[in-house]
Amino acid sequence: MARRLAAAQRVTVVTGAGVSAASGVPTFRGAGGLWREHRAEELATPEAFRRNPCLVWEFYAWRRERVAGCRPNPAHEVLARWSRRLPGFTLVTQNVDGLHEAAGTRELLRLHGSLWQLRCTAGCPASPAAWEDRRVPLPELPPSCPHCGALARPAVVWFGEPLDPAVLAAAVRATACDVLLAAGTSAVVWPAASLIPEAARRGAFTVELNPEPSAMAGAMDAVLAGPAEELLPELDRRLAP
Ligand code: OAD
């Protein structure tokens, strides 16, 4: 595996909630996962937000508070180092926690947006497509657009919403790689999960890093069973000249 990585010209890594588990960020589907305790359709859909914006904002405000106290772990750190060191490296993340950015990652594609950005629901021309607001707690819930006063929403992708076409197109381009690592994802949410078979179709060697088999484990060329915060530093040590 390390030999293949060292020889690869283009490496793409797809990450999911599992890479942030060691930082204390809850995953969605495992033990203690958010979608075990909360109903996604009541908290992470456009319909839920139309029905009860305060409830949805309370959920996101709670997640912002939870993540604000978390720091990148060795998995984020190795990937950030690779992003600075390996030409032809792309990191595609489903995570909205900002920990890849906090670790100093370059070439990051965020498929599902960011917990730290907000958008105007009225799409007012004065406000940017999304703006950053890192205040914890937010001074008002639900927050409003600073330009037109309309309700603001978290700049994350909810169930039933399309991904940003430019980000998705860049992620699909990154599937033209020699090695694709899928780390810490259950690989059940599409189109993110489709990047794995797409990379395989284009000839990439595909590898899973996960303590449990994901939905795609059977289709991978190799499966490394273990936590990303241990496997990635181990691969990094073997890559080091
Ligand atoms: P999930 O919660 O579905 O899956 C987390 C995966 O991480 C599982 O396969 C775990 O086995 C694995 N895992 C747990 N601890 C790990 C560790 N230390 N190292 C490596 N892997 C570990 O999270 P995602 O696959 O990211 O979407 O979920 C995909 C999307 O579903 C999320 O982006 C979110 C959610 O609904 C939106 O919010 C749009």
Next on the checklist: So if I check each of R81, R71, R4, R29, which one is in contact (Cβ under 8 Å) with a residue 60 or more places away in the chain and within 16 Å of the ligand (Cβ to nearest atom)?
Outcome noted: R29
Checklist entry - Within region 43-59, is there a residue that is in a loop (DSSP other than H, G, I, E, B), more than 15 Å from the chain's Cα centre (by Cα) and at positive phi? => result no
Checklist entry - Looking only at region 188-211, which residues are part of a loop (DSSP other than H, G, I, E, B) and either in contact with a strand residue (DSSP E or B) (Cβ under 8 Å, 6 or more places away or on another chain) or under 20 Å from P87 (Cα atoms) (or both)? => result R202, G203, A204, P211
Checklist entry - Of the residues that sit in region 147-166 and are assigned to a strand (DSSP E or B) and not hydrophobic (A, V, I, L, M, F, W, C), which one is surrounded by the most Cβ atoms within 10 Å (Cβ to Cβ)? => result P154
Next on the checklist: Quick check on my filter: what residues within region 25-34 are surrounded by 14 or more Cβ atoms within 10 Å (Cβ to Cβ) and not in a helix (DSSP H, G or I)?
Outcome noted: V25, P26, T27, F28, R29, G30, G33
Next on the checklist: Among (1) modelled with pLDDT of 95 or more; (2) more than 19 Å from the chain's Cα centre (by Cα), there is one condition P165 misses while meeting the rest; what is its number?
Outcome noted: (2)
Next on the checklist: Just to be sure I understand, how many residues within region 70-107 are open to solvent by less than 60 Å² (accessible area, probe 1.4 Å) and part of a loop (DSSP other than H, G, I, E, B)?
Outcome noted: 13
Next on the checklist: Take the residues in region 179-204 that are within 21 Å of G30 (Cα to Cα) and without any contact (Cβ under 8 Å) to a residue 24 or more places away in the chain; name whichever of them is nearest to the ligand (Cβ to nearest atom).
Outcome noted: A193
Next on the checklist: Given the options A169, A176, name the one that is away from the ligand (no atom under 16 Å from the Cβ), over 27 Å from A22 (Cβ atoms) and in a helix (DSSP H, G or I).
Outcome noted: A169
Checklist entry - In this structure, is A6 open to solvent by 30 Å² or more (accessible area, probe 1.4 Å), among the hydrophobic types (A, V, I, L, M, F, W, C) and in contact with a helix residue (DSSP H, G or I) (Cβ under 6 Å, 6 or more places away or on another chain)? => result yes
Item to check | Candidate set from region 35-58 (those that are within 11 Å of the ligand (Cβ to nearest atom) and open to solvent by less than 30 Å² (accessible area, probe 1.4 Å)); member that is nearest to E161 (Cα to Cα) | outcome: T45
Item to check | Candidate set from region 84-112 (those that are among the small types (G, A, S) and over 27 Å from F159 (Cβ atoms)); member that is nearest to the ligand (Cβ to nearest atom) | outcome: A103
Next on the checklist: Let me confirm something: among G149, G123, G160, G113, which residue is within 23 Å of E41 (Cβ to Cβ) and out of contact with any strand residue (DSSP E or B) (no Cβ under 6 Å at 6 or more places or on another chain)?
Outcome noted: G160
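Only residues that are within 15 Å of the ligand (Cβ to nearest atom) and not β-branched (V, I, T): list them for region 205-218, please.
Matches in region 205-218: E208, L209, N210, P211, E212, P213, S214, A215, M216, A217, G218.
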Checklist entry - Out of region 7-18, which residues are in a strand (DSSP E or B) and either more than 14 Å from the chain's Cα centre (by Cα) or free of Cβ contacts under 8 Å to residues at least 12 places away in the same chain (or both)? => result V11
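The values are calculated or read from the model by the stated rules, or taken from the named source; none is laboratory data. This structure is a prediction, so every number in the text was calculated from the model and none was measured. Every residue, glycine among them, receives a Cβ derived from its backbone with ideal geometry; neighbour counts consider all protein chains shown. The protein model used for the area step is the full one, side chains on, heavy atoms only, and it has no ligands, DNA or RNA in it. Shrake-Rupley method; radii C 1.70, N 1.55, O 1.52, S 1.80 Å.
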